[in-house]
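As structure tokens, the structure follows; a few thoughts come after it.
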Amino acid sequence: MSLQRLWQMSYDSPTVDILRNSHYAIPVIQGFHLLGITLLLSSVVILNLRLLRLGLTGIRLQVIARQVWSWGTAGLILAAVSGFFVFLPDPARYAANTSFIVKMIVLPSAILFQYTVYRRAVQAEAAAQSGERRLILPLLSLCLWFGVGWAGRAIAFLG
Amino acid sequence: MLPLFHWIQNTSWATSFRQADLLFPLVEGSHILALSLSVGLILMLDLRLLGIAFRTEPVSRIMSQVMPWALPGFAIVFLTGLLLFLAQAEKVYTNSYFRVKVLTLILLGLNAVFYQYRYYPHMGEWDKAETAPAGPRVVAIVSLLLWMAVIVCGRLTAYEL
């Protein structure tokens, strides 16, 4: 089955119809999307402030990484699931939106980076306890994740 | 209040800011994304009080580490929020989600002041305990729940404009 037909089927399904026509469903789901984003970005900010040695230097990197990594993942899952349900009732509108397409390119890049290169570097740094300031890695992580956030905001404004 | 907000919303700067193609979305985006710095860092403190995260660190250390970034974070969120409000003062003022949000923010302020006066002076007694006593734990739970409500209400406010 082609992707096009899959979306058409989902679009026509009664469940998605309820979602689309309810006055409150999408705004409330958007509220949870924002909660997920706040959770995810707070984890990103905390870890990167520490790597940049701009803040939270009184707590060991190992402790910070262990604690905030899990809530970052929880935030990502909440944002992704709620985001999918915002997308579902109106896929054609989003598919035609340049900002959405940019977001869907930057988001997988951010996930890939964060859970491979970045994660390994944080683990190595936490084990070594060199206390050195890291620059490229945290800045790239901040740019990618806040890039996803700004692209998301642009969906409504720039199209 | 309504005539005042009506006047503010119709001043020339409010009108041009509201209709700005780029500035308005930038301010709104900053308002949302700075939540990670403000509410996100307060989350660290709340979870520490509850004994869910950072149990090996004294509460006082988490507080002193978090505040230098959380306070500027709150300043950004508040100032951008004020601009967003002034640009659409009349419409926002009559928005019921916004009213719930402001009420919730006032409760959050009182909650923080209550912690500061009632529990902060005695923090030395349980600073290193893995879980704070019941009182501060209730403050932390109230903070977590109310911040969640503020964020959801904020999103709903924008939908009704």
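The values are calculated or read from the model by the stated rules, or taken from the named source; none is laboratory data. Just so we're clear, the structure is a prediction, and the values are computed from it rather than from any experiment. Using ideal geometry, Cβ is built from the backbone for each residue, glycine included, and neighbour counts are taken over all protein chains shown.
One table, with the values for the structure above:
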quantity: Those helices (runs of 4 or more DSSP H) lying entirely in the range A:59-131 with at least 3 residues touching a helix residue (DSSP H, G or I) at 6+ places or on another chain (Cβ under 7 Å); calculated: A:61-87, A:98-113, A:119-128
quantity: Failed item, numbered, when B:GLY109 is tested on (1) touching a Gly at 6+ places or on another chain (Cβ under 7 Å); (2) without any contact (Cβ under 8 Å) to a residue 24 or more places away in the chain; calculated: (1)
quantity: Filter result for B:LYS91 (within 22 Å of A:LEU34 (Cβ to Cβ), modelled with pLDDT under 95, surrounded by 16 or more Cβ atoms within 10 Å (Cβ to Cβ) and more than 10 Å from every other protein chain (Cβ to nearest Cβ)); calculated: yes
quantity: Count - residues of the range A:34-53 that are surrounded by fewer than 24 Cβ atoms within 10 Å (Cβ to Cβ), on the phi < 0 side of the Ramachandran plot and more than 8 Å from chain B (Cβ to nearest Cβ); calculated: 3
quantity: Test for A:ALA110: is it among the small types (Gly, Ala, Ser), under 21 Å from A:TRP150 (Cα atoms) and surrounded by 20 or more Cβ atoms within 10 Å (Cβ to Cβ); calculated: yes
quantity: Residue list for the range B:85-139, filter: more than 17 Å from B:PHE74 (Cβ to Cβ) and small (Gly, Ala, Ser); calculated: B:ALA87, B:ALA89, B:SER96, B:GLY124, B:ALA129, B:ALA132, B:ALA134, B:GLY135
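Results for (1) out of contact with any Ser or Thr (no Cβ under 8 Å at 6 or more places or on another chain); (2) at the interface with another protein chain (Cβ under 9 Å from one of its Cβ atoms); (3) assigned to a helix (DSSP H, G or I); (4) over 20 Å from A:LEU35 (Cα atoms), shown as yes or no for each residue.
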position	(1), (2), (3), (4)
B:SER30	no, no, yes, no
B:SER36	no, yes, yes, no
B:MET63	yes, no, yes, yes
B:LEU79	yes, no, yes, yes
B:VAL113	yes, no, yes, yes
